[in-house]
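For reference, the structure is listed below as structure tokens.
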Amino acid sequence: MRDVIRTEFADRLAAEERELVALRAELGSSKSQHRDEVARLQRDKDEELDAIHRRVQEAIGKKASYGTGRYYHHPRRFLHPLF
């Protein structure tokens, strides 16, 4: 009877160890996929922020050139309605 219980326990233990190995492999794969996805999202976010930064800088440049052009080419009374 003891041998049967030992054999059954050893079989269950071996099955649990195989399942643990498989779960660890799956976890490693999931971590790798998650890491890749996070890196991709970070790159996408950085590219989008760079594009926004470029557009803002262009708008600031256009506004600055427009503003300085108005200042030098028009009398002061055209800069502000109160003057």
Quickly work out the L49-to-R6 label distance, labels modelled 7 Å from Cα along the C-beta direction, and quote it in nm with one decimal. 6.3 nm
Whole-number Å³ per residue for the convex hull built on Cα positions in the range 2-48: 32 Å³
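Taken together, the values in this text are just the output of simple stated rules run on the coordinates, not laboratory data. This is a predicted model, so every value here is computed, not measured. Glycine also receives a Cβ, built like all others from the backbone with ideal geometry; neighbour counts cover every protein chain displayed.
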